[in-house]
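The values are calculated or read from the model by the stated rules, or taken from the named source; none is laboratory data. As the structure is a prediction and not an experimental result, all values here were calculated from the model. In this analysis, Cβ positions are derived from the backbone assuming ideal geometry, glycine residues included, and neighbour counts consider all displayed protein chains.
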DNA sequence: CGTCAAGAAAGTGTCGACACTATTGCGTTC
DNA sequence: GAACGCAATAGTGTCGACACTTTCTTGACG
């Protein structure tokens, strides 16, 4: 994604005081970031038509920057555009998720191999240090932090591959699957094998064992069909019945006690 | 790229009489296709700022659909957007090309492996038939046809992988490197090893020899640094000095005779 | 009840105008 | 010549209005 907008969505804008840093050409970018967040988190439901007029009102800008943002998000896979009917939120389906996870696995294992070939020792050490800095507290962090740290780990590998296209691809995939990954991390069955596999991946990196590391990554990333379906159930519950979802959880807890 | 615009850019619109099929919501799509073609072919020079007003005049539409198209093309890697300064044509550089070729190699070899796992015999036969239908005339076709047939061959492999994300990714990469690939095909040093490698790839597919096929694909696709630099020289000549390029070719021919 | 047609309402696509920002051109000074 | 400042020009970002398309509502009919 070398043609990305210069202000970049994934590196995050600086959290400056808005009144001080308010520049022109802000509305489209603000719209983009806000709508993207809604889409990443499925705050807008799968298949839902996006209402530009409503968004325009709630963001306090005219429809033009909304449409500009939506056109960008269409090309990024978050929405689809049907002429004269509008923009529709991407679907949330087993097949779609499996495809994305598979693509992620392909990108990440290739990145790992390239990292082993190309990175110098101090660069590999960056990965080791990243993991060592967080390994002890990682399992006790809230899901959002776990997710961010996990993504950071994997993006660092992509960065160390020396191919910026891989970084861009992985970053884009991350955003599209973040919602389901967050749900997986929240799930009680989410085990601590993540720690073991991250540590093993780091070890393979230090040894520059490309094939073993790539294999570990694949195992770490790829999901079975049934696991995907289970995660999807939880995701759909969260999307379509957020209150009922909480109610169901309360009932499950009462029953289990 | 599951969020693609429904009319799709890569499958090509039907070549209908425009007065008959003129629908509403056409301007943005027309702008998109026209500008994209300009960008694929580097008719707009690397680094050049895109002038919306000029495009608006030459396409006979207002600036709004131009901007909508450009926002899509920004997210697709053809242009970059700098706020208040406009959209700029993607660069044409050795590193950038190597990165894209590498990504293409990663995607294609993974697709080949998945195809060998998943495709049934009739599907693998599609690939064989595709190649057999063109192999005899292939080397004598004009560069544009060779390029289209080659892309079709590789996209069919991606399709047979069963992962639409891979198809979308490969399609997108193809568009971004098409210009340089066309130049390579035109080059006198472009040899007929392409035929041998395509045939060998088909043979590996028929045998479902995933690893050998992936290796052949990688060798078929990946470029050395020096080959990339040579191709880039020709590309830059074509972009920045199209007339001088023709003049230089005439002089070379006179000198060689 | 279901189906259809017509009209109203809502939403989409594009337009041209305006405010703002960046670039260019020109004159002055050293 | 280079550097600077200012004004003019050109281009970008957004606005609200208008035309067009789609969706929704309502009434009539079988």
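The sole residue among B:174, B:140 that is in the same structural domain as residue B:98 (by TED's automatic domain parsing) and farther than 25 Å from residue B:90 by Cβ is B:140. Say whether the condition of being outside any loop (DSSP other than H, G, I, E, B), within 19 Å of the chain's Cα centre (by Cα) and under 30 Å from residue B:55 (Cβ atoms) is met by at least one residue in region B:135-143. Yes, the conditions are met somewhere in region B:135-143.
Considering only residues that are facing another protein chain (nearest Cβ under 9 Å), surrounded by fewer than 20 Cβ atoms within 10 Å (Cβ to Cβ) and more than 15 Å from DNA strand D (Cβ to nearest atom), which ones fall in region A:69-95? Selection gives A:91, A:95. From the list A:67, A:72, A:63, A:36, which residue is under 22 Å from residue B:62 (Cα atoms), in contact (Cβ under 8 Å) with a residue 60 or more places away in the chain and not assigned by TED's automatic domain parsing to the domain that holds residue A:160? Unique residue meeting the criteria: A:72.
In region B:84-96, the residues that are in contact (Cβ under 8 Å) with a residue 40 or more places away in the chain form Cβ pairs under 9 Å with partners that are within 9 Å of DNA strand D (Cβ to nearest atom), at six or more places apart or across chains, as follows: B:88/B:49; B:88/B:50; B:88/B:81; B:88/B:82; B:89/B:49; B:89/B:50. In summary, residue B:10 fulfils each of the numbered conditions (1) within 13 Å of chain A (Cβ to nearest Cβ); (2) within 14 Å of DNA strand D (Cβ to nearest atom); (3) at pLDDT below 95 with the single exception of condition (2).
Test residue A:118 against the stated conditions and say whether it is more than 17 Å from the chain's Cα centre (by Cα) and more than 16 Å from DNA strand C (Cβ to nearest atom).
Details: more than 17 Å from the chain's Cα centre (by Cα): yes; more than 16 Å from DNA strand C (Cβ to nearest atom): yes.
When the stated conditions are applied, residue A:118 passes them.
In region B:69-96, of all residues being under 19 Å from residue B:38 (Cβ atoms) and part of a helix (DSSP H, G or I), the one that is modelled with the lowest pLDDT corresponds to B:96. Screening residue A:206 on (1) within 14 Å of chain B (Cβ to nearest Cβ); (2) farther than 27 Å from residue B:77 by Cα shows it passes everything except condition (1). Taking the numbered list (1) farther than 30 Å from residue A:240 by Cβ; (2) at the interface with chain B (Cβ under 7 Å from one of its Cβ atoms); (3) out of contact with any helix residue (DSSP H, G or I) (no Cβ under 8 Å at 6 or more places or on another chain) in turn, residue A:106 passes all entries but (3). Tell me, please, whether a residue that is at the interface with chain B (Cβ under 10 Å from one of its Cβ atoms) and either at pLDDT 95 or above or outside any loop (DSSP other than H, G, I, E, B) (or both) can be found in region A:17-27. No: region A:17-27 contains no residue that is at the interface with chain B (Cβ under 10 Å from one of its Cβ atoms) and either at pLDDT 95 or above or outside any loop (DSSP other than H, G, I, E, B) (or both).
Being under 30 Å from residue B:97 (Cβ atoms), free of Cβ contacts under 8 Å to residues at least 40 places away in the same chain and either more than 16 Å from DNA strand D (Cβ to nearest atom) or in the same structural domain as residue A:37 (by TED's automatic domain parsing) (or both): is that true of residue A:156 here? Yes: the conditions hold for residue A:156. Scanning region A:32-70 for residues that are more than 9 Å from DNA strand C (Cβ to nearest atom) and more than 26 Å from residue A:237 (Cβ to Cβ) yields A:32, A:33, A:57, A:59, A:60, A:61, A:65, A:68, A:69.
Once region A:39-68 is narrowed to residues that are surrounded by fewer than 16 Cβ atoms within 10 Å (Cβ to Cβ) and part of a helix (DSSP H, G or I), the residue that is nearest to the other protein chains (Cβ to nearest Cβ) is A:63.
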